[in-house]
Amino acid sequence: MEAYLDNSATTRCSRAAAELMMKLLTQDYGNPSSMHNMGVIAENYMVDARKKIARTLKVQEKEICFTSGGTESNNLAIVGTAEANKRNGMHVITSAIEHPSVSNTMAYLEGHGYEVTYLPVDGYGRISLEELEEAIRPDTILVSLMQVNNEIGAIEPIAEAGEIIKNKNPETLFHVDAIQSYGKMRIFPNKMKVDLLSVSGHKIHGPKGSGFLYIKDKTKIHPIINGGGQQKGLRSGTENVPAIAALGVASEEIYTDFDAKIDHLYSMRNHFVEEAIKIPGVTVNGDTDHNSAPHIVSVSVEGVRAEVLLHALEDKQIYVSAGSACSSNKPAVSRTLKEIGLRNELLDSTIRFSFCVNTTVEEIDYALEEMCKMIPMLQKYTRH
């Protein structure tokens, strides 16, 4: 049996998304910038994808800018707005547990003269709204927060943060990294006072190399890729129409029968957590109720290195991650786990299980059964 439990790293592309992508690669393959009929057909696929995505967020179609994925969306949101608004100030706020596509971009800004405030988090991975409010200054041009942490599933209070930001300084822009939350939560940027929102296609059963950035109308932002002026000059380069169209399909699919899908995810997660903590030496990090995302479980195993357990599970065709799969294929000490105060001896003994709407109870039970067998054996080889 196989149990793919690494859905926060990537998901299987949905059949409908993959089939449409193949059609656009082999039949309707025109360049959307071309003036002839093949170009118009390609352009219409992009228009349709924008409609589908805008509907899921209740925003305007013109506010969707297609990108190559989450990393580009985060870079465009952060660098693009910082450059466009630096006359108003050069102070930016983020959290201490952001994904590398945000934290490394913040480091880039610091190298170019910007000041970045990193908000600490509590033991569940959540920021303090009071500390956020205190950190906002007249020269704060941007606040960037991830909605769902990619390692432990912590949910940040985005709506409350948006209210605080706009009350304290209406000129401060609010960017949300929704790469792990889009398709797992209902997200309405206008209600939440969010100006920019990043999404990646391959986390929601769309293709890799697809994504978008929601940019609220009239938001001042500079392009970071210059060229032929596609997408109103904001993101030049011939659009990846097959991936964009497939992303539109995946977005529509993931929000169809949404409540049932989320109930299923929480059911799978709760079952896994209840059984996993019965294994001696196993603990779960962060919240385990509805204050945490429905699809991510961070598990620490006393006396077993993450890499050892990951490969032992892999031998049984059970696939998981050691921390974030996006930063490197070589596990490093997680900043997120450090920031939530995890004991030093567990920092390199933590793995992530992540589920999707197609995850079955049979997969969960198979993984638990194998963990019950292998963890006591692996613990015998604890380093002293």
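The values are calculated or read from the model by the stated rules, or taken from the named source; none is laboratory data. Because the structure is a prediction, the values reported are computed rather than measured. Methodologically, a virtual Cβ is constructed for each residue, glycine included, from the backbone with ideal geometry; neighbour enumeration extends over all protein chains shown. Only protein heavy atoms, including side chains, enter the accessible area calculation; ligands, DNA and RNA are left aside. Shrake-Rupley method; radii C 1.70, N 1.55, O 1.52, S 1.80 Å.
Looking only at region 246-282, count every residue that is part of a helix (DSSP H, G or I), hydrophobic (A, V, I, L, M, F, W, C) and in contact (Cβ under 8 Å) with a residue 60 or more places away in the chain and tell me the total.
Restricting attention to region 246-282, the residues satisfying the condition of being part of a helix (DSSP H, G or I) are 246-254, 258-276.
With hydrophobic (A, V, I, L, M, F, W, C) added as a condition, the list becomes 246-247, 249-250, 254, 258, 260, 262, 265, 268, 272-273, 276.
With the extra rule that they be in contact (Cβ under 8 Å) with a residue 60 or more places away in the chain, the set shrinks to 246-247, 249-250, 254, 258, 262, 265, 268, 272, 276.
Residues meeting the conditions: 11.
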Checklist entry - In region 63-75, is there at least one residue being over 29 Å from I254 (Cα atoms), within 20 Å of the chain's Cα centre (by Cα) and modelled with pLDDT of 95 or more? => result no
Checklist entry - Do you know which of the residues in region 288-302 that are open to solvent by 30 Å² or more (accessible area, probe 1.4 Å) and touching a residue at least 60 places away in the same chain (Cβ under 8 Å) is nearest to S354 (Cα to Cα)? => result N291
Item to check | Selection count where residues are open to solvent by 70 Å² or more (accessible area, probe 1.4 Å) and either within 18 Å of G206 (Cα to Cα) or among the hydroxyl-bearing types (S, T, Y) (or both), scope region 40-64 | outcome: 2
Checklist entry - Counting only residues that are more than 24 Å from Y255 (Cβ to Cβ) and either touching a Pro at 6+ places or on another chain (Cβ under 8 Å) or of a type in the set (G, A, S) (or both), how many does region 347-378 have? => result 5
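Under 22 Å from the mean Cα position of the chain (by Cα), assigned to a helix (DSSP H, G or I), more than 22 Å from I224 (Cβ to Cβ) and not charged (D, E, K, R): which single residue out of A82, A54 fits that description?
Details: A82 fails: more than 22 Å from I224 (Cβ to Cβ).
Result of the check over A82, A54: A54.
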Next on the checklist: I'm trying to understand the selection: among the residues of region 120-149, which are under 20 Å from A82 (Cβ atoms) and surrounded by fewer than 22 Cβ atoms within 10 Å (Cβ to Cβ)?
Outcome noted: A135, I136, R137, P138, D139
Next on the checklist: Which condition from (1) out of contact with any strand residue (DSSP E or B) (no Cβ under 9 Å at 6 or more places or on another chain); (2) closer than 14 Å to E253 by Cα; (3) surrounded by 14 or more Cβ atoms within 10 Å (Cβ to Cβ) is the one that G30 breaks?
Outcome noted: (2)
